[in-house]
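Undergrad: One structure, as structure tokens, below. Some questions next.
Throughout, read-outs are computed from the coordinates displayed, never taken from laboratory work. Because the structure is a prediction, the values reported are computed rather than measured. Note that each Cβ is placed from the backbone with ideal geometry, even for glycine, and that neighbours are counted across all protein chains shown.
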Amino acid sequence: MKPINDTRPPRWAQRLLHWYCKPELAEDLEGDLNEYFERNVVAKGPRRARWIYIADVFKFFRLYTIRKPEFVNLLLHWIMIGSYVKTSGRSLMRHKLFSFINIAGLAVSMSVGLLVIALVTELLSFDDFHAKKDRIYRVITHDQRLGEPAMDLATTSLVAGKKVDTSLSGIEDFTLVRNGFSGDARIGESVIPVSAVWADEHFFNIFSFPLLQGNPATALKEPYSLVLSEKMCKTLFGDVNVLGKSVVFDTTNYVVTGVVKDVPKNSHLRFDALVSFSSAKEHREEGGSFNTWTNIYSICAYVLLPKDSDPAAFQANLDKLSAAENARIEHRTISLQLQPLENIVLGKKLSNQIGPVMRPVALYFFEGLAFIIILSAGFNYTNLSIARSMRRTREVGIRKVMGALKHQVGWQFIVESTIIALMALAIALVLFLFLRVQFLSLDRFLSDLVSLDLTSRMVLYFVLMALVVGFGSGLLPAVFFSKINAIQVLKGSSALKVFRHVNLRKALIVVQYCFSLIFITTTLIGYNQYKSFLTFDLGFNTAHILNIRLQHNKEELIKKELAEVPEVGAISVSRIVTSLGSLQGAGMKYKDLNDSIVVWLNYVDEQYLPLHGHTFLAGKNLKALPDGAEESEAVVNEQLLKRFNISPQDPAKALGEIILIDEKKLAIVGVVKDFHYGTVENSIEPMALRYSAHEPWGYLNVKVTTNDWPATRARIEAAWQKVDKVHPLDAKFYDDQIEEAYRMFATMIKVIGTVAFLAVCIASLGLFGMVVFTAETRLKEISIRKVLGASEGRLIYLLSKGFLFLLLLAAAVALPFTYLLFDRVVLVNFVYHPPLGYVELVISLVSVTVIALLMIGSQTLKVARANPSEVLKNE
């Protein structure tokens, strides 16, 4: 027999008691039952004590002890929510004007938010379809030359790629990709342009591009193997099995070894076809300096790390490899770094990028604009809700007298603001569909990057945004009204102080107009700077010059046909078109310099400098070279003479000096006045103009004089078609290309300008609501003043002076801030820009003031002209 002290009541009976009994009664009731149980154990024995305990547990199963079932609480909760919704609906219908202001402001602002959400969602989905995406890294390069700015490249050298693959441990797989394979695919009589990349046999081991035909393990193994995209396959062959068929590029046969499913738009690697990497070696694309550690401009290397591996450990191996190779070169450091796949499209700025890229700062910029616009619209709800506090306090007071708790009053206002946000979301979705088209049309880059199509994930994010906006907008009014008590209601307290002399409503108006003034001023300053960039003196002539991309055609054939066009004057050829951001550099040495310094280059013929109107400070023009002849001359700019100290004060003395560029000895035969090789973001650097009979030309530079450009273009196209029937004419005027070079700047101005317009509209809606409410609440005061002899002008001044003071306060904050932002932060990135003026500040202030006066005047004049007898007759 167990000792009495070890005897316990039945466990299941205790659990039953806790299950049905109210929590506030369970502890006391259990204590009493346990006390009776111990007495019965002594008096009647353990067995009977247990039966008595069980009977008592069932006896206490009564109405006053039974807890409410969970479904009852849930039902009451939903009934309360229904009450919130019904009350909110009545409030919205009773105050139609304020409801319209809130819904319209939120709808406009949320449409911008939807656009940014769609953009961010799509950008974050880039390369998401690769099964091993979390373990794929690209090997990028940091290049630092002595005395030169550092350069970060998305590419690396072939030597580095091979050493990573063969010498380093800790990788599961490795592949090399090289951009730039382009040509015309010939099948019989058909000729079709194809854009392709070189890739080695490990490509499909790392990337999840599914093959529809062919073996992924061997498709890119043999030289001259070709994998076509599904779309290109249908274009070339139709819907047939194409394995083993031949495609001719130039004079070389490539065998189709696979067909890959079309590349998704959210891929940073985009191609019509893949060519086996071993083809480059067979085709002598890897000869000479290509096999050096310092040739870091062509190869993209990707590594696949094992599961649960440490990228930092592999980075340490890359550092060791870099240190060992850098010990063999002088005055230059090349460092290899890992870049996660997810950071390629949304990553740091790199040269030689392959595929589309958007810098994170641009994304943060869009997110910031959307946040500010939504915040401004949320201010409208908060402002108008608190402004109407005198009327709403009576409603809140009655609810509290009837037993409403603080949290119930608070949830009433949160539900109300959420309903407004959801109603605004429905309108915002319609606006989003319109804004999406306009946004994508701003820049071809944006339409190539994203499509912004609606997906289920995006819709979910849209609803979540509406709920967050609704909750955030209603939070402050909810806290404000939930704290009101009967005494506050009787006193009529309506002012909520943020700090000593500034109340919340005024602070919100000031913040809204600060945003509006900042955006308008930014738009005006940005537009003036942009226009100055387009008309900037580049140091040479661009008027009436048409640049025609040769697209691998012989320049002499095109020049011969263009000579027959009456409107065509002088014609020159060049490798690149300068002042657009395209750069081509090479190492240059002079006399006893141990290391080379980068100078910018352009290959031009003897007609280039006269056609573009370059100014010679000394010497002569380049002379024409027959095919196959070796170049021996160079024309340089003033900066090159200063950099290498080649008689910078007297350019004539520099003539005949020998410089070494790309290991070639060239004599300086001419010195031209400095001109802008890059954009206005870049300072003027040393550069050399060369004439090479071996280097391929890129563009024809054609002087065109015409009064009927469409007819002239038709004749130029006809001349082009006589030489090239495959490629369409790619011709643009120089001035148009300069405008296109600054298109991202123009796009930013358009975006900020649109946001400025929306910000002013939203702020003005809020101001209009505040003026209407103020006019309504001061109607009797105005009537009394009018009876006592106040003029309409005096009454308008009385009603509007407070709002105008807030506007001036916003200007005192926003205008200096914007000026300093451009002067100290933005424009320091542009070496050449016109000085800032004050005209833009004045225009923005005047425009916002006029709009505000229209909002204020329309209502104050109405109140000032009201008949006092109609207002006061009931008093």
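Undergrad: Convert each backbone phi in the stretch 548-564 into a coupling constant with the Karplus relation 6.51 cos²θ - 1.76 cosθ + 1.60 (shift: θ = phi - 60°), then list the ³J(HN,Hα) values in order as whole Hz, x for Gly and Pro.
TA: 10, 6, 6, 6, 6, 8, 6, 5, 5, 5, 5, 4, 5, 6, 5, 4, 7
Undergrad: Over the stretch 178-309, calculate the relative contact order: mean separation of alpha carbon pairs under 8 Å at least 6 apart, over the residue count, as a percent.
TA: Working: 226 pairs, mean separation 40.6, N = 132.
Relative contact order here is 31 percent.
Undergrad: Roughly how tilted is helix 504-534, in degrees to the nearest 10 and between 0 and 90, from the longest Cα axis of the chain?
TA: 10 degrees
Undergrad: Just report the Cα centroid separation between the stretch 800-869 and the stretch 206-282, whole Å.
TA: Using only Cα atoms, the two centres lie 60 Å from each other.
Undergrad: In addition: Which value results when the Cα radius of gyration for the chain is divided by 2.2 N^0.38 Å? All intermediate terms of the calculation are to be shown ahead of the outcome.
TA: Details: Rg = 38.1 Å, N = 875, 2.2 N^0.38 = 28.9 Å.
The chain yields a ratio of 1.32.
Undergrad: Can I ask one more? Return P(r) of the stretch 723-807 (all Cα-Cα pairs; 10 Å bins starting at 0; whole %; ordered from short to long distances).
TA: Percent of pairs per bin, in order: 13, 24, 17, 13, 11, 10, 7, 4, 2, 0.
Undergrad: Using each residue's phi in the stretch 713-718, evaluate 6.51 cos²θ - 1.76 cosθ + 1.60 at θ = phi - 60° and report the 3J(HN,Hα) Karplus result to the nearest Hz, with x for Gly and Pro.
TA: Per residue, the Karplus-derived 3J(HN,Hα) values read 4, 4, 5, 5, 5, 4 Hz.
Undergrad: Taking every pair of alpha-carbon atoms in the stretch 668-812, what share in percent sits in each 5 Å bin, from 0 to the bin with the longest distance?
TA: With 5 Å bins starting at 0, P(r) equals 2, 6, 8, 9, 9, 8, 8, 7, 5, 5, 5, 6, 6, 5, 5, 3, 2, 1, 0, 0.
Undergrad: Further question: Kirkwood hydrodynamic radius of the stretch 772-831 from all distinct Cα pairs, in Å?
TA: Taking every pair of different Cα atoms in the stretch 772-831, averaging 1/r and inverting gives 14.6 Å.
Undergrad: Using the Cα atoms of the stretch 545-739, I'd like the radius of gyration and the largest Cα-Cα distance, Dmax, both in angstrom.
TA: 17.7, 57
Undergrad: Let me ask you something else. In the stretch 547-645, what trypsin sites (Lys or Arg not before Pro) fall in a loop by DSSP, with at most 13 other Cβ atoms inside 10 Å?
TA: Sparse-neighbourhood loop trypsin sites (Lys or Arg not before Pro): Lys554, Lys591, Lys620, Lys623.
Undergrad: Counting other C-beta atoms within 10 Å, and keeping those with at most 15, which DSSP coil GluC sites (Glu not before Pro) do you find in the stretch 615-714? Please list the in-between numbers first.
TA: On the way: sites: Glu630, Glu631, Glu633, Glu638, Glu657, Glu663, Glu681; in loops: Glu630, Glu631, Glu657, Glu663, Glu681.
The qualifying sites are Glu630, Glu663, Glu681.
Undergrad: For helix 96-124, report the angle its Cα long axis makes with the longest principal axis of the Cα atoms of the chain; keep it between 0 and 90° and round to the nearest 10°.
TA: For 96-124 against the chain, the angle is about 50 degrees.
Undergrad: List the residues, sorted by chain then number, that are 5 or more residues from Gln213 or on another chain and whose placed amide H is less than 5 Å from its amide H.
TA: For Gln213, whose amide H was placed from the backbone, the distant partners under 5 Å are Val259.
Undergrad: To continue, here is another question. Order 298-311, 709-722 from most to least packed using the mean count of other Cβ atoms within 10 Å. Show your work: numbers first, answer last.
TA: Numbers: 298-311: 17.6, 709-722: 14.9.
The densest-packed peptide leads the list: 298-311, 709-722.
Undergrad: Here's something else I'd like to know. Taking every Cα atom in the stretch 605-659, find the radius of gyration and the maximum pairwise distance Dmax, and write them in Å.
TA: Just the Cα atoms of the stretch 605-659 yield Rg and Dmax of 12.4, 37 Å.
Undergrad: For the stretch 513-641, what is the largest minus smallest coordinate of the Cα atoms on each principal axis, given in angstrom and ordered from greatest to least?
TA: Extents along the principal axes, in whole Å: 68, 52, 30.
Undergrad: Of the chymotrypsin sites (Phe, Trp or Tyr not before Pro) in the stretch 514-592, which ones lie in a loop per DSSP and count no more than 15 other C-beta atoms within 10 Å?
TA: On the way: sites: Phe515, Phe519, Tyr527, Tyr530, Phe533, Phe536, Phe540, Tyr590; in loops: Phe536, Phe540, Tyr590.
Those that pass, being in a loop and sparsely packed, number zero.
Undergrad: For the stretch 443-453, what does the Karplus curve 6.51 cos²θ - 1.76 cosθ + 1.60, with θ = phi - 60°, yield as ³J(HN,Hα) per residue in whole Hz, taken in order and with x for Gly and Pro?
TA: Ordered by residue, 3J(HN,Hα) equals 8, 4, 4, 5, 5, 6, 7, 9, 10, 6, 6 Hz.
Undergrad: Mind putting together the pair-distance distribution for the stretch 4-59? All Cα pairs, 10 Å bins, whole percent per bin, short to long.
TA: Histogramming the stretch 4-59 at 10 Å steps yields 25, 57, 17, 1 percent.
Undergrad: Let me ask something else. Working from the pairwise distances between different alpha carbons, so that the mean of 1/r is found and then inverted, what is the stretch 133-343's Kirkwood radius in Å?
TA: Details: mean 1/r = 0.0550 Å⁻¹.
Here the Kirkwood hydrodynamic radius works out to 18.2 Å.
Undergrad: In what sequence do Phe817, Phe434, Phe271 fall when counting other Cβ within 10 Å, fewest first? Intermediate results must be reported in sequence, preceding the final value.
TA: Numbers: Phe817 13, Phe434 10, Phe271 25.
Starting with the residue having the fewest Cβ neighbours, the order is Phe434, Phe817, Phe271.
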